[in-house]
Every structure is written in C-alpha cells, then in structure tokens.
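**Q** One structure coming up, written as structure tokens, with questions to follow.
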Amino acid sequence: MLWAVGIVLGGLTVVWIAWNLTLDALWQPTDRVTMRRLLVLSEIKPGERLIDLGCGDGRFVVTAAKEFGARATGIEIDPFRVLFAKAWIWLTGLTQRADVQRGNMYTVDVSQADVIVLFLSATSNFRLQKRLKAQLRDGARVVSYYHPMWGWQPDMVGEARDGYPIYVYRMGAALGKTTR
C-alpha cells in the first residue's frame, strides 16, 4: 500500500515538473538582498499598489506589504505556489495588504499598479511590453530583474547582489509620451 502511494506521488511530481517546464519562465527564487534592492529602486511608497507578475512563492508580495507598506498582489499560474503564498500571507498577518491570485500574467489587468515587478524570461518580458505600455499610467514603474524591456530606455539600472542588472522603467518619462 505504501509503495502505491509513493508511485502516485512520484507520478504527480513528474507531471507537475513537466508542466512547469512548458511555462515561459521557470521559477527561480530571488535572494533577499536582491529583492530588497529591487523594491528600493522601485521607489515604492506606503499605500502604493505593487503587482508581481509570475510571483512564485509570493516573497516580493510579502516583503512589499510588510516592509514597505505597499498594497501588494501577486499573479501566479501554479496552483501549488498560490496556496503556499496565501498561507504565508495569512501566517504573517498581511491579508489586508497582500494577496496572491491564480491567474495568467498575460491577461490580468494591471492598470491600477504603481509598480510592476518582473523576474521572468526575455520572451515573457517581450510578450508583456505592449500590454504594460497600454495599461499603465504615466509615472508607474516597471522593475525587471535580469532581462530588459526591449526598445525601452531604462530610467535607471541597478545591480543585484550577484551583479546582474535591475532595470527600472518609468512609464511616460523613460518611454516618451509619444510612444504610449
């Protein structure tokens, strides 16, 4: 009986891993130093709205709400990571300021965001650009770790703990009002 449970759990694990490999961006947890640098560079202020697209375990959401006073939302397609993130938010007592929703980052409405956080693939960033440019208002910031937004001029480029770039884009200013 125990071996049957092991086989079923092993099979589910293989299916889950295979499904994750079909997604545009693999989950890579961001270290705490880089995460805080990214949030500081975003210039997030208390009460501002942060959306983390492809939020994984929700670490940016929790940190933005807890340490920066933001209203933070994560969008994640993986239901297991969503459950983990929701439990973490509940355990930290942040349910009034933080949430993670299961959803598709390519279709979610981001028009109310002050800051968008991205740690995705170059392909994902490219696919999101048109939508971000169309939905975000002037002054909103897009902060991308590792991969730039092609054709956009960054407002600033910071450095992560490991030396990789953190790109900060301010809608309207860095992109020029005529490109919106």
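**Q** Normalise the Debye intensity by I(0) for region 26-179, one equal point scatterer per Cα, no solvent, then take log10 at q = 0.12, 0.13, 0.15 Å⁻¹ and round to two decimals.
**A** Debye intensities relative to I(0), on a log10 scale: -0.44, -0.52, -0.70.
**Q** Report, by chain and number, residues whose modeled amide H sits under 5 Å from the one on ASP52, excluding near sequence neighbours (fewer than 5 apart, same chain).
**A** Distant-sequence amide H within range of ASP52: THR73, GLY74, ILE75, VAL117.
**Q** Another one. For ASP31, put the label point 7 Å out on the Cα→Cβ axis and report which residues of region 134-175 keep their amide N under 15 Å from it.
**A** 146, 159-166
**Q** Give me LEU91, LEU120, LEU50 sorted ascending by neighbouring Cβ count inside 10 Å, so fewest comes first.
**A** LEU91, LEU120, LEU50
**Q** Okay, next question. Could you list the residues of region 28-71 with an amide nitrogen less than 14 Å from a label point located 7 Å from the Cα of GLU159 in the Cα-to-C-beta direction?
**A** Within reach of a label on GLU159, which here means backbone N under 14 Å from a point 7 Å along Cα→Cβ, region 28-71 contributes 34.
**Q** Determine, for TRP88, TRP152, TRP3, the number of other Cβ atoms within 10 Å of each Cβ, and report the residues in order from fewest to most. Intermediate values should be presented prior to the final figure.
**A** Working: TRP88 17, TRP152 20, TRP3 7.
Fewest-to-most ranking of TRP88, TRP152, TRP3: TRP3, TRP88, TRP152.
Any read-out appearing in this document is the output of simple, stated calculations on the displayed coordinates, not a laboratory observation. Fair warning: this is a prediction, and the values are worked out from it, not measured in the lab. Cβ sites come from the backbone with ideal geometry, for glycine too, and all protein chains shown count toward neighbours.
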